[in-house]
Structures are given as C-alpha cells and as structure tokens.
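Asker: Just dropping this structure here.
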Amino acid sequence: MMMRAQIEVIPCKICGDKSSGVHYGVITCEGCKGFFRRSQLPTVSYSCSRQSNCQIDRASRNRCQHCRLQKCLAQGMSRDAVKFGRMSKRQRDSLIAEVERHRQQQQQQQQVQGDAQSVLSYSTKARQDRSPQLLQPMASAYSFTGEAELLSYTTDVHPYLVCSPNESQVSGMIYRSSGVSPTMRSQGKGDNSGHPDIRGFDSRQPSHDLMAIHPYPLEDPYSIYPHSLRNIDELCASIVRSHRETNQYRVEELQALRWKLFSREELQAYQSKSVDEMWQHCAIRLTDAVQYVVEFAKHIPGFRMLSQNDQIALLKTGSMEVVLVRMSRFFNTENNTVFFDGKFAGAEIFKSLACGDLITAVFDFAHDMCGLKLTEQQIALFSALVLINADRPCLEDRGRVQRVQRSVELGLTHILHRDNQDNLMHKLYQRMAVLRSLCSLHMEKLRWFSQRYPLTAHSLFPPLYKELFASEAELLPGTTH
Ligand code: HC3
C-alpha cells in the first residue's frame, strides 16, 4: 500500500496546498478535509456574494465557502467515498503512476524552471489536423497553461481518468491508457491489457455472440476489436462502466440534494450578470461537463480504433448532445429544476444568457428524457450511440465509424430487449433528431453572441469550448469570415 508521504507529492485538488492523503475520495489537504466534513452538516448552507465562480487557492480558500464547496463537489468529494474504503488494485496502481508522474514533473520543473507552458497554438493547420484541447488531459476548463489538471481519485472514478501532465500530444493522451496505439493494435501487436475485461454486465444473460442475435448476415463489426471483446455483453459492460465512472455526479448524490434550491438572492446574483458574464460562466460549466464526455468517449470500445481526426469530428458534433442527454440525470421533473453550480435551479437562472428559446427547449428536452425513465445502462448505451454516428460531417473513414456504430446499436438493442423495452429504440432515434436541432439552435445563438461580444467569445471562453464549437462559430484566431 502506498505510503501517505508518497501521495503528498500531489497537491490538494481543491486549493493546491500540500495534501495529506485521500479524504472523502479526493486527494486534499487537512484544511479542505475539515472544511468538507463541516460542510456536510445538515444545518450548513453556503451562498456566494459574488458570481459563484470565486478562485479557490491556498490564499483565498477561506473567502468563499460556497465556491469552495462547489469545487469540492466538482472534484468528486463525497461522504459515500468513505464507505468504499480501500481503493481497487487498479486504482492503487494508477495512483502510484500519478505519484511517479508528479515526482518526474517536479524534477523537470527544477531542471527547466521558468519554462512557461504556452497554450498550444491554434494555427489553422493544427486545428485541421488535431484539436489540441479536445483530447487533452482532463484540464480545468479554464486552464491556459496547458497544465493538465489531475483528476481526483474518488473511489468510483476509473483510474484511466488520470491524465499525465507530461503528455501534451493529443495522440499520447488518447492512447495513453491502453498502452497501444490503434495502428499497433490493428496489426495484432500490443497487448489488450488496456482494455478492461469486465464481466460486470448482467451475467444471468447468456453471452451472446454477435452473429447469434443479429437477424441478417453482417460483416463482424468486431473485426476491429481486440479478441478480448468478442461479445455484446462485454461491449455493453465496457460502455456502462465508462459511463458510470465519467459522470460528474452519482444519481444517489443528486437525489440527496434535489431540494437544495438557490435562494432568491442567489438567483438575483445570476440574473444580474451581464449577458457576456453569464455566457462565460455557462461556457466554463458546459466545458467542464464536456470533458467528462470526452473521457467517456475514449473508452467506448472501438472509439480509439478510429482515426484521430474522426474521433475529434465525432466529439465536436456529439459531445454537447451527450451533455444534454446526461443533463436529464440531474433534472427534477417535480419542479423543473436542474442541478447547476451545486444546487437545483429553474430555467430562470439562465435568463441573462438572453437565449430564452434555447433554454426552454433544453429544459423541455430534459423533462421529456426523464419521462422515458431510462436506466443508467440505457443512458450509457444511448450516449455512446449519440456519439458514434457515421452520419456526422467531415469523417475520413465513414465505413469504420459505421462498424463501431453498428456494434453500439446492437448493444443498445440488446439491453432494451433484455429490459423488455424494445419499443424504446425508435423513441431514442426520435430524441437523437431533437438533440441535433437543439445543438444547431445552440450554434445559432453562439454565432449571434460571438458577433455581439467578439472579445469575450475570442479570448474569455475556455480553449476547449472554442475547439468544440470553433468550426461553426468562427471562434478561433486565424479563421477567416
Ligand atoms: C446546457 C447548459 C450549459 C451546461 C449546463 C450543465 C450541463 C453544466 C454541467 C452541470 O453539471 C449541469 C448543467 C446544468 C445546466 C446546463 C445548462 C442548461 C442550459 C445551458 C445552455 C443551453 C448552454 C449554454 C452554454 C453556452 C450558451 C455558453 O454555450
């Protein structure tokens, strides 16, 4: 078991102070451990007197309890984490690797002190070839240093979420956790150890061979998969696990918070923000949510077999859609509120975005999705299908995307059949069309905003946000109108 002293090379995930170990599932200092413990008392409620986006660091951490708690929650601190006790072997191994990386990073920093990390340039060529931010390590949405923000080790966060601060190359990040790159893997090289061999799926079901349940002869879409993933159950289990471990919040946690609503004053604070302030605030929140979707995508079996450009093309068009699917998990249909910034809020909180029709449509969609009463497994497979869509524009190898899409479709069909809900499939295809219309409305608003507030759009939105929506909204320097 790793000594506490070793973990302490990793700074507190909340304020950056010297950490003292894993507390409530996250590596924190003693101060933030004690703060979180106190914040969980039933009588405690915090509010922010500013815009709920206070900087939390060693010096400022005591200035705003509301924002400090938000950061604790966002990093995954949870009372439940204690109940899970020891980490799994896989998580311990990854924690050891993270400690080693931090140690190397400290050594590098001593050797090359002062080398500022520059934000990767957004040259047109770079943008066309790869999206420097999109598949970057899980950095804070607003990070301009290029420094990867290491994700905490909550006990239910899959180790692959650990990002190495040293890997600045997109390809390094995409393939890091598998240990092999797609070209090596398709030539039968490399081990498949990077692929979780998960039996967590409903073992009562006989393991279906793909061909056994598909009604018509089909080129085996698994031909691009490693031999370890040779049936539909493992495909589903892999996607469900990735979904579970890349959700910002557990449903049980949200249940416990469902009546924690913003006060009138807090709502006022949001509604008195200027349009560009609120857009910047939501852009950061949206980008945070997208980063979890990127991690989810990377562990959909077959996703990493696609070319990097195709992975980026699918994420650019599908990640916002998956955010909206996931939003239904933290939507309370009894009062039409959504969990946002640590409490539940109605559509009115977004008033200063000046996008009333978009917000109404998004809330209606969330409410409608709740009406389908999807299980977490169904949401997981549906999210994967939303992402792996061979009809998306600008794909290099549509056929390969089609093969992966088909296997995910089979997985979703398999799960719905198992749940005796075959009728849901066509409803989910209808929702996919609604998602596309929501995202084109979102792009329309973003074009309006970037013309009305060019400075904010070009220099105050998170780099990842600009990468995500750049092509359609001309948010990147060097793009011509
Ligand atoms: C979609 C949303 C922005 C994202 C908000 C998210 C998904 C962010 C992560 C939170 O954990 C949960 C959450 C709740 C509400 C979501 C917002 C509802 C409306 C708003 C807009 C449609 C997007 C605005 C972003 C913009 C306009 C800056 O691009």
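The values are calculated or read from the model by the stated rules, or taken from the named source; none is laboratory data. Remember, predicted model here, so these are calculated numbers, not experimental data. Positions of Cβ are backbone-derived with ideal geometry, glycine not excepted, and every protein chain shown enters the neighbour counts. The area values use the complete protein model at the heavy-atom level, side chains included, leaving out ligands, DNA and RNA. Shrake-Rupley method; radii C 1.70, N 1.55, O 1.52, S 1.80 Å.
Asker: What is the range 15-55 by shape, rounded, prolate or oblate, if you read a ≥ b ≥ c off the alpha carbon gyration tensor as root eigenvalues and call it rounded for a/c under 1.5, prolate for a/b larger than b/c, and oblate otherwise?
Answerer: Values: a/c = 2.98, a/b = 1.37, b/c = 2.16.
Verdict is oblate for the range 15-55.
Asker: Ranked by accessible surface with a 1.4 Å probe, highest first, in what order do Glu265, Glu253, Glu444 come? Write out the running numbers ahead of the final one.
Answerer: Details: Glu265 130, Glu253 45, Glu444 105 Å².
Correct descending sequence by accessible area is Glu265, Glu444, Glu253.
Asker: Keeping all protein chains in place and using 1.4 angstrom, which order do Lys71, Lys445, Lys351 fall into by accessible surface area, from largest down? It would help to have the intermediate numbers written out before the result.
Answerer: Numbers: Lys71 60, Lys445 35, Lys351 140 Å².
Heavy-atom accessible area, descending, gives Lys351, Lys71, Lys445.
Asker: Right, here's the next one. Please list the non-local residues whose amide H lies under 5 Å from the amide H of Ile27, H modeled 1.01 Å from N, same-chain partners needing a gap of 5 or more.
Answerer: Here Lys13, Tyr153 satisfy the definition.
Asker: Tell me, what is the 1.4 Å probe accessible area of Lys13, in Å² to the nearest 10?
Answerer: 30 Å²
Asker: Right, here's the next one. Kindly flag which residue pairs out of Lys273/Lys373; Lys260/Lys316; Lys343/Lys445; Lys71/Lys427; Lys18/Lys71 have an alpha-carbon separation exceeding 28 Å in this structure.
Answerer: On the way: Lys273/Lys373 35 Å; Lys260/Lys316 33 Å; Lys343/Lys445 26 Å; Lys71/Lys427 37 Å; Lys18/Lys71 17 Å.
Listed pairs above 28 Å: Lys273/Lys373; Lys260/Lys316; Lys71/Lys427.
Asker: So what does Val26 come to for accessible area, using a 1.4 Å probe and Å² rounded to 10?
Answerer: In the full protein context, Val26 sits at about 0 Å².
Asker: Enumerate by residue number the GluC sites (Glu not before Pro) in the range 305-352 meeting two conditions: DSSP loop (anything except H, G, I, E, B), and at most 11 other Cβ atoms within 10 Å of the site's Cβ. If you can, show how the numbers build up before the last one.
Answerer: Values: sites: Glu321, Glu334, Glu348; in loops: Glu334.
Of the GluC sites (Glu not before Pro), the ones in loops of the range 305-352 whose Cβ has at most 11 other Cβ atoms within 10 Å are Glu334.
Asker: Additional query: For Lys316, Lys466, Lys260, write out the residues from largest to smallest accessible area, computed with a 1.4 angstrom probe and no ligands counted.
Answerer: On the way: Lys316 40, Lys466 15, Lys260 65 Å².
Heavy-atom accessible area, descending, gives Lys260, Lys316, Lys466.
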